[in-house]
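The values are calculated or read from the model by the stated rules, or taken from the named source; none is laboratory data. These figures come from a predicted structure and were not determined experimentally. Please note: Cβ atoms are built from the backbone with ideal geometry, for glycine as well, and neighbour counts cover all protein chains shown.
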Amino acid sequence: MSVAPRRPLTYAVLLCLAGAALVLFAATRVWQLEVTVRPAPLPPIEQERSGGSLMPWLPALAVVALAGGGAMLATRGLLRRLLGGLLLVIGTALVAGGSVAATNPDVDRLWPLLCVLGGLAVAAAGAATAARGHRWPAMGARYERAAGTPPPAAASRPERVEAAGTRDAWDALDRGEDPTAG
């Protein structure tokens, strides 16, 4: 297979992983500093709140998007297109969460805007996967065996390895035999 068909898949996976990582990074930063004023001799209490504490679902969706980036490599056909649709929805939710937080005047706008940017990246990767993912190459099947076909050495299977040595067991495994089968 040539390199060209793999490029869109590679770009989509990298875009999804980068967007999800950006959201995870931004969600762990301090978005809000709450100051509680106390009576005169006591100092005020400052409490830092991260994006994950303000919106607990934000890092959770980012982790799902990270897993989806890996799943893009392992799926094919209709399942990959459905995964792309799911990533599009997750990216849209990340954009919405970052946008809502960015409109809050008490929140530092940098981190929610980075969540919006990361969500846009996840959504773009999901949209590309949903639209064209079925044409992208899948993981190689060279190590898979078709259902119902015997292992290559099954036709000429010699007697069971009865030796106690591990070398004989490894040699049997190299021939495609199961040294524990009886």
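Can you find even one residue in the range 139-151 that is modelled with pLDDT under 85, acidic (Asp, Glu) and touching a helix residue (DSSP H, G or I) at 6+ places or on another chain (Cβ under 8 Å)? Within the range 139-151 (the criterion being modelled with pLDDT under 85, acidic (Asp, Glu) and touching a helix residue (DSSP H, G or I) at 6+ places or on another chain (Cβ under 8 Å)), the answer is no, since none of the residues qualifies.
The sole residue among Thr92, Thr10, Thr36, Thr28 that is of a type outside the set (A, V, I, L, M, F, W, C), surrounded by fewer than 20 Cβ atoms within 10 Å (Cβ to Cβ) and within 14 Å of the chain's Cα centre (by Cα) is Thr10.
Residues in the range 74-125 that are of a type outside the set (A, V, I, L, M) and assigned to a helix (DSSP H, G or I): 15 in all. Does the range 52-70 include one or more residues that are more than 28 Å from Gly133 (Cα to Cα), at pLDDT below 90 and surrounded by fewer than 20 Cβ atoms within 10 Å (Cβ to Cβ)? Taking every residue of the range 52-70 in turn, none turns out to be more than 28 Å from Gly133 (Cα to Cα), at pLDDT below 90 and surrounded by fewer than 20 Cβ atoms within 10 Å (Cβ to Cβ). Among the residues making up the range 99-109, those that are under 17 Å from Leu22 (Cα atoms) and either touching a residue at least 60 places away in the same chain (Cβ under 8 Å) or charged (D, E, K, R) (or both) are Ala101, Asp108, Arg109.
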